[in-house]
Amino acid sequence: MTTLSRRKFLKISGATVAASAVATSGCSLGNSGAGTKESGIRTVATYCDLCFWKCGAIATVKDGRLWKIEGNPLDPLSRGRLCPRGTGGVGAHFDPDRLRTPLLRRKNRGDEEWVAVTWDEALGTIAEKMQKIKAEYGPEAIALFSHGIGGNFLKHTLKAFGTPNITAPSFAQCRGPRDVGFRLTFGEDVSSPERTDIRNAKCLVLIGSHLGENMHNTQVQEFAEAVGNGASVIVVDPRFSVAASKAKHYLPIKPGTDLALILAWMNVLVQEGLYDKDYVDQYGFGFDHFAASISTATPEWAYIETGIDPDVIRETAREMARYRPATLVHPGRHVTWYGDDAQRSRAIALLNALIGSWGRKGGFYTPQSMDVPAYPYPPYPKPLKEKVDNPGHRYPFAHETITTGIREATITGMPYPIKGWFTYATNLLHALPNDQETIRAMQNLDLMVVVDVIPSETAGWADVVLPESVYLERHDDLNVEWFREPFVAIRQPVVASPHDQKPGWWIALQLANKLGLEAYFPWKNAEEYLEKRVTAAGLSWDELKEKGIIRGQHQPIYYSEGVPAEFPTPSGKIEFSSPQLAQAGFDPVPRYTRPTQGPEGSFRLLFGRAPVHSFSRTQSNPILADMMDTNEVWVNANAAARLDIADGQYVRLRNQDGVVSNRVRVKATERIRPDCVYLVHGFGHTARGLRRPFGKGASDAQLVTRSAVDPLMGGTGMNVNFVTIEPAEDNHA
Ligand SMILES: Nc1nc2c(c(=O)[nH]1)N[C@H]1C(S)=C(S)[C@@H](COP(=O)(O)OP(=O)(O)OC[C@H]3O[C@@H](n4cnc5c(=O)[nH]c(N)nc54)[C@H](O)[C@@H]3O)O[C@H]1N2
Ligand SMILES: Nc1nc2c(c(=O)[nH]1)N[C@H]1C(S)=C(S)[C@@H](COP(=O)(O)OP(=O)(O)OC[C@H]3O[C@@H](n4cnc5c(=O)[nH]c(N)nc54)[C@H](O)[C@@H]3O)O[C@H]1N2
Ligand code: SF4
Ligand SMILES: [Mo]
C-alpha cells in the first residue's frame, strides 16, 4: 500500500466517521495489522461467504481494524440478521493459521513441506505445466474442482484454456439427487436458495433436514416464524434434532427407510381420497399407473421397514392433507444418503404433487431474479472431447459434472487421462467419500494446484498452494439470486489482506496472462468487470457499492397470483409416472429397496451440521472454535451402557474396513436410536498447518470409505458405513 493511497484513504475515512456504507476502492483499505493509521469507524456492505447462502452483510472497521459483521437490513436473505457463523466471519480474517504466501512443494506429495515463492514464480510454474499437459494430452486433461461463487473467475480462465471438466461437490455429494428427482417430476429444480415457502407453511414436514443445526439463514428464520404461527411440524429423523424439538410429530425412523414411509404416506392420501384431486387432474400425468404402483405400500407394510407405527403414518398423512396446499414437504438439501436418493427425492416431489403444494402459497413458490447480463467475453474454445466424468452417459440423469467421475478418470486414464487438478475452495479429502481413492488420484497427477485460505488436508497434497484473500478482503462476482424477490448483491473488500494473499479474480487474471489468454480478460480489475455488468443491467453502480444490495420490483410468485403453471417435463405435466425413467430402464414410479445392514454389533454412521461451523472450513476460525472446538459422537444411552461406555468417555470408532478414527468423546443420549451414531461433520483435522483444530474430534469423512452410487445420476450415498466403538487407550482429556 502506498503512502499516497493511505493518506487519501484517511481523508475519506476522516470525513465519514460513523457514517454508513462508505464506498471503497480496492487499494486504499485499512489493514488489520499494527501500525495502521486509519482512525474512526466506517462500514462496508458486502455479502457473507461462511457458507453458500450468501447473506447480505455490513462490516464495520474501527480504527483500521476489522471489528464486526452484521446483517444488512436491506437484504431479503438475511433480513438484517446473520447466523452465528456469519457473525464469526471476522475470525476468517484474523485466523492465525492462514496461508500467507504462495508455496511450492519441496518433498513428496502429502509431506506438507514447502518453499515460499513469489506469485510470479508460482503462477509461472503452473502455466508452464499446464501448457505441457495441454501439448501432450489436450486442455481437457486439466480439471477444476471449485465450490462457491468465488471460483467464477478461475472457472473463466479454465474454460478459456479449453477444458469442460469443471465440477463441485455440491452435486454428487450434496443436492444433486434432489434436483434430479424434482426435475423428473416437475421439470424444474428446487434450486439454491430453495424455493420453499416455509414462512407461510401451515404444515411443515422435515425429512432429515435438520434446520436449526443446518443454519441456512432464511430457512431458519422462516422456520421460527412458521413455528411461531402455530404451524404443525412433522420431523422424520433417527436422531432427535433441534428441529425435532419443535415438532408436533417426531418420527424416529430406522435409517435408510424413508422411501417406504413416503410411499405409505402417498398410499394413505390416495386410498383415503385426501389428495388434491383438482390439481392432480389438471396438472398430473400418469396418475393411474402411479396409484396402482403404490397400492401395496400400506402403513402396515411400511411399519416393518421403518419402525413407525401404522397409526402414526395415517395420522401424519391426514395432518398433511388437512393443511394442503400450505403443506410443505421439505425437499432436503444434503440428500446423498443411501444411493436410492434421486428416487427418494422424486417420491418427496410426488408427495408434494399430491398435496398440490408446487406453485402454491405455503409450498413451493416460483422464484424471481434480476436481469443482469453476463460479461460480454469472447466465446470459449470448443473442447474437442466430451466431459470425462460420465462416459457413455452411464448416469443418464446427471445434469452437472460428477466429482467422483473425474476422480475415477484420473485413476484409470479412461475415457481419457486427467493430468492436472485445480481445487478452489473445496477440501476434497473431507468432501468426497473414500479419501484413499482421492489420494490415489492425486498421486497420478502431473500438476496439483490448491487455492485456499488455510492449509487444508487437500492443500497438503498440492504441488503449488495459492493463498487467497478471504471474502472480507476482496471483490467477487455479483450475487444475482433466484428468490422470493429479485435482487443483486455485491461483495467488496472491507480490509486489506494481512500478508501476500490475493483475490481469486487477480489470480485468474494473472494466470490467464501467463497462458496467453489476455483476450479473455478485457478488464483490468474486478471493479471494472462488476461496474460493466451492473450498468448493463441499468442499475446504479454507486448505489450498489453504497448499499450492497439493489432490490427489484416485487413480482407474482404463486399460481394464485397469476404465475403460469408450466411444467417443462416431456409431457408438459407433473409426471406421476415417468416415461423418461422407464425408457432408461428405471422404475417409472419410485420403488423401495431395503438398505444394507452392517456387521453384527455395529452402528450406522450418520453425520450432519453444527450451528457454529461450516463443513471442514471453520474449525481454525478463532471465534467459531471458541464456541465449539471439537465434536462428540452421539451414542444411544442404553447402547452405551450395554457396551459399558460412559458419557464423556473417550473412544475411537472403527469402520467396517478397519479405519480407526481419532479419539472422540461420547455423548450418551436418549436422543438417538440405538442402531446408529452421529458426528458433526468437519472435525478430526489431520493437516499439520491447522494448528488449533489438529487432532481435535473425529472425522466422519475418514470413516466414509464406502458409498452407494445413485444409478440415475452418480451421487454418492454416504450413510452406508458402519462403526464399532472402542474405548480409547488414553482416556483422559
Ligand atoms: N463425509 C462427509 N462428506 C461430505 C459432507 C458431509 O457432511 N460428510 N457434506 C457434503 C456437502 S453437503 C457439501 S456441500 C460438501 C462441501 O464440501 P466443500 O465445499 O469442499 O467443504 P469444506 O470441507 O468446507 O472445504 C472448503 C475448503 O475451502 C476453503 N475456503 C474457505 N473459504 C475460502 C475462500 O474464500 N477462498 C478459497 N480459495 N478457499 C476457501 C476452506 O479452507 C476449505 O479447505 O461436502 C460434502 N461431503
Ligand atoms: N451450520 C451449518 N449449516 C449448514 C451447513 C454447514 O456446513 N453448517 N451446510 C449447508 C449445506 S451445503 C447443506 S447441503 C445442508 C445440509 O443439511 P441438511 O440437508 O439439513 O441435512 P443432512 O446433512 O443431509 O442431514 C443431517 C440430518 O439427517 C439425519 N439423518 C441421517 N440419516 C437419516 C435417514 O436415513 N433418514 C432421515 N429421515 N434422516 C436421517 C441426521 O440425523 C441429521 O439430523 O446444511 C447447510 N447448512
Ligand atoms: S447462512 Fe450464515 S454463514 Fe451462510 S451466508 Fe448466511 S450468515 Fe453467512
Ligand atoms: Mo451441501
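Results, tabulated for the structure shown:
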{"item": "Helices (runs of 4 or more DSSP H) enclosed by region 202-305 - at least 3 residues per element that are within 26 Å of the chain's Cα centre (by Cα)", "result": "217-228, 258-271"}
{"item": "Count of region 107-150 residues which are farther than 23 Å from Asp435 by Cα and of a type outside the set (S, T, N, Q)", "result": "25"}
{"item": "Residue satisfying condition, being on the phi > 0 side of the Ramachandran plot and under 29 Å from the mean Cα position of the chain (by Cα), within set Gly516, Gly548, Gly562, Gly572", "result": "Gly548"}
{"item": "Selection from region 293-334 of residues that are among the aliphatic types (A, V, I, L, M) and either within 16 Å of ligand 1 (Cβ to nearest atom) or surrounded by fewer than 18 Cβ atoms within 10 Å (Cβ to Cβ) (or both)", "result": "Ile304, Val312"}
{"item": "Conditions (1) more than 26 Å from Phe567 (Cβ to Cβ); (2) away from ligand 4 (no atom under 16 Å from the Cβ); number of the one not met by His210", "result": "(2)"}
{"item": "Filtered residues of region 105-159 (kept if hydrophobic (A, V, I, L, M, F, W, C), touching a Phe, Trp or Tyr at 6+ places or on another chain (Cβ under 6 Å) and either over 20 Å from Asp389 (Cβ atoms) or not assigned by TED's automatic domain parsing to the domain that holds Ile411 (or both))", "result": "Phe153"}
{"item": "Helices (runs of 4 or more DSSP H) fully within region 343-453 counting 2 or more residues that are of a type in the set (S, T, N, Q)", "result": "403-412, 435-443"}
{"item": "Matching residues in region 435-447 - criterion: being touching a Lys or Arg at 6+ places or on another chain (Cβ under 7 Å) and either within 21 Å of Phe615 (Cβ to Cβ) or buried (at least 20 other Cβ atoms within 10 Å of the Cβ) (or both)", "result": "Glu437, Thr438, Ala441, Met442, Leu445, Leu447"}
{"item": "Condition check for Thr157: within 16 Å of ligand 4 (Cβ to nearest atom), buried (at least 19 other Cβ atoms within 10 Å of the Cβ) and of a type in the set (Val, Ile, Thr)", "result": "no"}
{"item": "Boolean, Arg591 is within 11 Å of ligand 2 (Cβ to nearest atom), touching a residue at least 60 places away in the same chain (Cβ under 8 Å), charged (D, E, K, R) and not in a helix (DSSP H, G or I)", "result": "no"}
{"item": "Check on Lys202, more than 15 Å from ligand 2 (Cβ to nearest atom), out of contact with any Lys or Arg (no Cβ under 8 Å at 6 or more places or on another chain) and closer than 24 Å to Phe240 by Cα", "result": "yes"}
{"item": "Residue in region 332-340 that is assigned by TED's automatic domain parsing to the domain that holds Leu206, away from ligand 2 (no atom under 16 Å from the Cβ), touching a Cys at 6+ places or on another chain (Cβ under 6 Å) and under 30 Å from Leu679 (Cα atoms) present", "result": "no"}
{"item": "Residue in region 48-68 that is nearest to the chain's Cα centre (by Cα), counting only those that are within 16 Å of ligand 2 (Cβ to nearest atom) and either over 11 Å from Asn217 (Cβ atoms) or among the aromatic types (Phe, Trp, Tyr) (or both)", "result": "Phe52"}
{"item": "Unique residue being polar (S, T, N, Q) and buried (at least 24 other Cβ atoms within 10 Å of the Cβ) when the list is Thr426, Thr401", "result": "Thr426"}
{"item": "Identity of the residue in region 608-651, within 14 Å of ligand 1 (Cβ to nearest atom) and part of a helix (DSSP H, G or I), that ends up nearest to Leu50 (Cα to Cα)", "result": "Leu624"}
{"item": "Test set (1) modelled with pLDDT under 95; (2) touching a His at 6+ places or on another chain (Cβ under 9 Å) - Lys107 fails condition number", "result": "(2)"}
{"item": "For Val480: the one exception among (1) touching a strand residue (DSSP E or B) at 6+ places or on another chain (Cβ under 8 Å); (2) surrounded by 24 or more Cβ atoms within 10 Å (Cβ to Cβ)", "result": "(2)"}
{"item": "Which numbered condition Glu194 misses (of (1) farther than 20 Å from Asp463 by Cα; (2) in a helix (DSSP H, G or I))", "result": "(2)"}
{"item": "Condition check for Val704: closer than 30 Å to Asn390 by Cβ, more than 16 Å from ligand 3 (Cβ to nearest atom) and touching a Pro at 6+ places or on another chain (Cβ under 6 Å)", "result": "yes"}
{"item": "Any hit, region 553-563, residues being within 16 Å of ligand 4 (Cβ to nearest atom) and among the small types (Gly, Ala, Ser)", "result": "no"}
{"item": "Tabulated pairs, region 419-431, first under 11 Å from Phe615 (Cα atoms), second within 16 Å of ligand 2 (Cβ to nearest atom) and assigned to a helix (DSSP H, G or I), C-beta under 7 angstrom, 6+ apart or interchain", "result": "Thr426/Pro169; His430/Ala701; Ala431/Pro169; Ala431/Gln173"}
{"item": "Tabulated pairs, region 232-250, first acidic (Asp, Glu), second crowded, with 20+ Cβ neighbours inside 10 Å and in a loop (DSSP other than H, G, I, E, B), C-beta under 6 angstrom, 6+ apart or interchain", "result": "Asp237/Gly208"}
{"item": "Total residues in region 604-631, condition more than 12 Å from ligand 2 (Cβ to nearest atom) and crowded, with 22+ Cβ neighbours inside 10 Å", "result": "3"}
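Residue-by-condition table, conditions (1) away from ligand 3 (no atom under 16 Å from the Cβ); (2) surrounded by fewer than 17 Cβ atoms within 10 Å (Cβ to Cβ); (3) within 20 Å of the chain's Cα centre (by Cα):
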position: Glu113; (1), (2), (3): yes, yes, no
position: Thr125; (1), (2), (3): yes, no, no
position: Lys129; (1), (2), (3): yes, no, no
position: Gly138; (1), (2), (3): yes, no, no
position: Pro169; (1), (2), (3): yes, no, yes
position: Arg175; (1), (2), (3): no, no, yes
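Let's see how each residue does on (1) among the aromatic types (Phe, Trp, Tyr); (2) within 16 Å of ligand 1 (Cβ to nearest atom); (3) buried (at least 22 other Cβ atoms within 10 Å of the Cβ):
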{"site": "Asp179", "(1), (2), (3)": "no, yes, yes"}
{"site": "Leu184", "(1), (2), (3)": "no, no, yes"}
{"site": "Glu188", "(1), (2), (3)": "no, no, no"}
{"site": "Ala201", "(1), (2), (3)": "no, no, yes"}
{"site": "Leu204", "(1), (2), (3)": "no, no, yes"}
{"site": "Gln221", "(1), (2), (3)": "no, no, no"}
{"site": "Val227", "(1), (2), (3)": "no, no, no"}
{"site": "Ser245", "(1), (2), (3)": "no, no, no"}
{"site": "Met266", "(1), (2), (3)": "no, no, yes"}
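The values are calculated or read from the model by the stated rules, or taken from the named source; none is laboratory data. Source: prediction; values computed, not measured. We place every Cβ from the backbone using ideal geometry, glycine too, and count neighbours over all the protein chains shown.
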